[in-house]
1. What is the dipole size for region 240-301, taken about its Cα centre, with +1 at each Lys and Arg Cβ and -1 at each Asp and Glu Cβ, in debye to the nearest 20?
2. Given just the C-alpha atoms of region 43-223, how large is their convex hull per residue in cubic angstrom?
3. With +1 on each Lys and Arg Cβ and -1 on each Asp and Glu Cβ, how big is the dipole of region 233-402 about its Cα centre, in debye rounded to the nearest 20?
4. Can you tell me which aspartates and glutamates have their Cα less than 15 Å from the Cα of Lys296? Leave out same-chain residues fewer than eight positions away.
5. Where the centroid of each part is defined by its Cα atoms, how far is region 260-288 from region 376-431 in Å?
6. Aspartates and glutamates within cross-link reach of Lys278: Cα-Cα under 15 Å, excluding same-chain residues under 8 positions apart?
7. Along the charge dipole of the chain, pointing to its positive end and built from +1/-1 on Cβ of Lys, Arg, Asp and Glu, which listed residue (Gly515, Pro620, Met582) has its Cα farthest out?
8. Quick one, which of [x] 1.00; [y] 0.95; [z] 1.09 is the actual Rg/Rh (Cα atoms, Kirkwood Rh) calculated for this model?
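Please treat every number below as a calculation from the coordinates, not as lab data. These numbers were taken from a predicted model, which means no experiment stands behind them. As a convention, Cβ positions derive from the backbone with ideal geometry for all residues, glycine included, and neighbour counts pool all protein chains shown.
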Amino acid sequence: MRLQRKKLITSLVICALIVTMVLLFVFVYQPSKQNIATSHAYGTYIPVEYIEAPFDDGFDIAHIINGLGMSGTEGKHHTHSNTEEDMWRLTLRDQDIEAIEIVFDFGRIVPLGEMWIWNYNGFNEDTGELETDFGLKNIKILYSTDNEQWEEWQGAGYPFRLAKADGSDQVYATNLDYEDHTPIHFQGEPIRYLKIVANNKPGDGNWSESDHVYGLSEVRFYQHANQVVANDEIIPISVESSGFINAMNPENLINGFGMNDSKYHDNDPDTMWFGKTKKDEDVSLTFNLGGAYPIKEMRVWNYHEQGHEDRGLKNIQVFHSLDGENWVELIGDGYPYQLSKADGDMEHAATNLKDEANSPIDFASERAQYIKIVPQQEEGNWGAARDQDIVYGLSAIQFIAAPGIAVEPAYEWDELFSSYNGWTGADGTYSLPLHTSEDHQLFLFSDTYIGNVHPVSRQRLQANMLNNTLAILQGTEPDPEKLAFIWSANISDTNLFTPKTPNSESGSWYWLQDGVVIEDTLYMFPILMVNDLEGDANFQFAIDGVTLISLPLSEEGEPIIEEQEQIDTPLFQSLDDEDGNMLFGTTVLDQTDVDGHLYIYGYKDFTSGQKDLVAARTKPEHIDNFEQWEYWNGDTWTDNMLDATTLINNVSPELSVHYSETGPYEGKYVAAYSHDTLSGYIAISVSDQPQGPFSEPELLYFVPEAHEDDVITYNAKAHPQLSAPGELLISYNVNSVAANGNMANADIYRPRWVKVKEIKEVN
């Protein structure tokens, strides 16, 4: 066996090793298990730009929107503490004040979806008494687009009575005082300002029988989002105008403002968008769909202000993209595209293209995350000009979904791993079933932050990092009450798994790869890591081998860490041409019920940075007998590891291969990975057999974090046992390459999740 240490410039552990350079590993943290919360989000979180209330008792009104006291970031199902200093409270000693008003300003008009409320959850430490009676009770909700004209919201649940909190140290959203504690739904109503009003009357405005004291713990808002189906609307999460001077409210194109039943738009200019530009300036409108969707068509309502219809767009180009950087021009029916001029009537239907049928723009099922409209230099509008500037305008845009494969963020899984306390982020993120009667799922994490996060600044307050941690989820739903993290609280050895084999050096550590449960034993294939002072300053680490760790499972399915066994393996070797290395264990496919084998995949890790997928197999009873392992050479299975042939080019060092029983890849073996490791693209390749041949990569999705400065994303992998029927859940890792990036923003160094699904025709 020829071993060659591989410098980690190639990104296997690029994520956590960057920060490891500056971290101290000495700490003790109890308890060693912790429950956190998540969110079943259906729309993106909406931050509040400004909030005001009459006054307070020293407990700032900003406390109800800044996350103080919350267990995690932006989620619906996070919990709030019972610490009163983390809440808002006021006492109305002036009985002439008839009502309490709290005003929220989103900074723009948004299609509002839901409002989640955590009522006042106070516990007086001095008296030992609950003060939850101070929570609001009967409320009115008013809304406005201009802070002048207000309407009362009378949607589902009206009249609105808020539930009383229970004073527990971790209270979930209380919302409305019904059995299911539903939030308040706004169904996409265009809203910029929202006002909560409660009477200054004990027992009515609050839950108290006598005290004129009123309070709240937290309020969170979420954008309206519908379940995307074929021939229905995709609601973008944002739109940006580029190159325009004083562009007015581009969000009006997508927020439903001025629309009537999604078919007709009014002629009020305040509900539209317009901007001006110098002649010959390049201008565009870019729409972010929030996911990757097959597009049927784009519908256009041109600028419709009476007397100014000539501001409407005329000759345009349309582009689509997965990443927002590489654009493909749409050239379909009706090209070159000329939009119809609106007529200025009180209400108008989609104007679309200037043809006999006012046809929408046909996308022919092209899949896109971003769509861009570019007015042409010549006759980009219908003639409007102002002071030598060209004036452009539109009323509304809609994108309609076609049948096909879509990828959407899985916010509920993001938020399951967005804790402010204890486990606050990690790399790796493998999962595997433990085959218990309760269907327990085990998560494997490598470098992990343990400590606390400031809820307002999002800064990590401690630089405590462990090399590996675990988590156990009861069931397959992202339920916060059923997730527990496991880490070591041992002063002498702060890691769950520390190298103790004959080939391991002092000071080495493990980076976890995949594992498998055989009967009542868990087997894992961690990479052995060592320091390498010859490497670049920020990457002085190297791979030195692959270990096999086995440990029994308790009756409850929990790994018994104390009884682990470790053995060195031959699963890391240098390539024949000395152009890199080959290693195995990156993912395990259990096919023992099909053909009696476990398939253990690995990759060729070339010095160029490229990584190519390879495959091995063995029978479960031979998992620790490496002379019985076989390697696929393209034609047959061989006992020579170095004969393993490439199955897929340009994969990532962490990935997954599974057999798909449902969903868009039913009946196929599916490899899910980050294409070329750091490209930002999540890719899928499929095969009819575990050993291939696999299809060329299909780029499904471009992760939004890859657009951020000094941020890298990598190591996408599927979690089929956690996926809803007909869907495929995929995680990926996010990391900062800035000197202190992961400490400055705890939201970076956490797993992100997306779901792949098939949009079907609806009968």
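1. Magnitude of the dipole: close to 160 debye.
2. Taking the convex hull of the Cα positions in region 43-223, it is 109 Å³ per residue.
3. About 180 debye.
4. Candidates past the 8-residue exclusion: Asp232, Glu233, Asp333, Asp362, Glu366, Glu758, Glu761.
5. Comparing the Cα centres of region 260-288 and region 376-431, I get a distance of 17 Å.
6. Qualifying aspartates and glutamates at Cα under 15 Å: Glu378, Glu379, Asp387, Asp389.
7. Met582
8. [x]
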